[in-house]
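The structure under discussion appears below in the form of structure tokens.
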Amino acid sequence: MNDYLVKYSSSNFLNELFWKTPNPMVISRADDGTYVEVNAAAVKRFGLQMQEIIGRTSVEMGHMSAAQRLMVLHKIKERGYVKDLDLEIKARNNRPPRHVLFNAFPITMGKDAFLLCYVTELSERMSDTDEKRAAILFKSLDAIEGTGVILIREHKLRQPTLCYINEEAQKALNRKPIKELLDALTGHESTYLKTRTGYYHVRKISTNHSSPLQIVLMERLSDKVYIKKKLKQHNLTPRQEEIAFLAVTGHSNSEIAEKLFISEYTVKDHLKEIFRKIGIRNRSELYPRILNWR
């Protein structure tokens, strides 16, 4: 057993608690976060040998960012401890980050200050019934065709974290970063996106005002519906929208004139104004401008 832990307490109860608890538990220096002791559960969770952990810092190991550590120290200074702080912890081997409830309590060993820390993974707090319900829910979401569903956890000070993405959304995004999708929604209630699998109306929904969980829905649209939705973003008159739609879908000026019972000269005049409003110079730029990401 590490000398620090022996100095900390001669209590068999504390030793039993530290070494046999199923939760990952560590003791680290308060000033720099250097690990001085880790229990068996922490060694298993980190996937390293104990000698590879002791003497390294939480930031160096990637278990906590520098910003997260400063937040922890601020809360300890403010309250005297940290309890059930929702943190995103990096995982090994490029696996998705894990969300944990982080707890830390200051302890003194002689003249030195340390932190006794332990974490509980949020998934481990779920009951068997909750896990079954979640499995049924996710299976149902995966079976949805035509609507992508993405669950993200938003943090004020950090990047949003992906919690879940169904098969439709995975196919649509094709490994495109979630942040790019969220950037397209910034300042908008919804947006229209073109992806490899088709065209989507995308909107973000908050579960409630106090929850960090956000739901992003990607509703697949037909080509024609998507084009009409995109054209409405350009402040066109109803007649201009009608002409622009026919032009985007491959109709010539004469065909547009015939369908709308107007002259080709009138069609050309409308197209000039349409190009001006959309910000393009000619018909060849119309299709790519309308059928693109924001």
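Things to note:
- Tally of residues being in a loop (DSSP other than H, G, I, E, B), closer than 10 Å to residue 35 by Cβ and among the hydroxyl-bearing types (Ser, Thr, Tyr) across the range 55-68: 1
- Every pair of residues 6+ apart whose Cβ atoms lie under 8 Å, when the first sits in the range 57-77 and is on the phi > 0 side of the Ramachandran plot while the second is at pLDDT below 85: 62/90
Residue-by-condition table, conditions (1) touching an Asp or Glu at 6+ places or on another chain (Cβ under 9 Å); (2) over 15 Å from residue 116 (Cβ atoms); (3) not aromatic (Phe, Trp, Tyr):
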| site | (1), (2), (3) |
| --- | --- |
| 49 | no, yes, yes |
| 55 | no, yes, yes |
| 60 | no, yes, yes |
| 68 | yes, yes, yes |
| 72 | no, no, yes |
| 80 | no, no, yes |
| 85 | no, no, yes |
| 88 | no, yes, yes |
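- Residues that are surrounded by 15 or more Cβ atoms within 10 Å (Cβ to Cβ) and within 28 Å of the chain's Cα centre (by Cα), drawn from the range 50-61: 57, 58, 59, 61
- Residue among 191, 120, 186 that alone is modelled with pLDDT of 75 or more and in contact with a helix residue (DSSP H, G or I) (Cβ under 6 Å, 6 or more places away or on another chain): 191
- Residues satisfying the stated conditions in the range 229-255, i.e. in contact with a Lys or Arg (Cβ under 8 Å, 6 or more places away or on another chain) and either assigned to a helix (DSSP H, G or I) or modelled with pLDDT of 95 or more (or both): 234, 240, 241, 245, 246, 247, 253
- Residue count for the range 34-72, restricted to those that are out of contact with any helix residue (DSSP H, G or I) (no Cβ under 6 Å at 6 or more places or on another chain) and under 19 Å from residue 106 (Cβ atoms): 11
- Taking the criterion of being among the aromatic types (Phe, Trp, Tyr), within 38 Å of the chain's Cα centre (by Cα) and part of a loop (DSSP other than H, G, I, E, B), the only residue of the range 261-293 that qualifies is 293.
- Within the range 18-49, the set of residues being assigned to a helix (DSSP H, G or I), surrounded by fewer than 16 Cβ atoms within 10 Å (Cβ to Cβ) and within 29 Å of the chain's Cα centre (by Cα) comprises just one member, 44.
- Some residue of the range 235-256 being loosely packed, with under 13 Cβ neighbours inside 10 Å and over 26 Å from residue 191 (Cβ atoms): yes
- Selection status of residue 161, farther than 20 Å from residue 279 by Cα, in contact (Cβ under 8 Å) with a residue 60 or more places away in the chain, surrounded by 13 or more Cβ atoms within 10 Å (Cβ to Cβ) and touching a His at 6+ places or on another chain (Cβ under 9 Å): yes
- Applying a threshold of 7 Å to beta carbon distances and a minimum spacing of six or more residues, or different chains, the list of pairs starting in the range 169-193 at a residue that is within 21 Å of residue 227 (Cα to Cα) and ending at one that is of a type outside the set (A, V, I, L, M) and part of a helix (DSSP H, G or I) reads 192/226; 192/229; 192/230.
- Filter pass, residue 52 being assigned to a helix (DSSP H, G or I), at pLDDT 85 or above and among the acidic types (Asp, Glu): yes
The values are calculated or read from the model by the stated rules, or taken from the named source; none is laboratory data. The structure displayed is predicted, hence computed values, not measured ones. With ideal geometry, Cβ positions are generated from the backbone for all residues, glycine too; neighbour counts draw on all protein chains shown.
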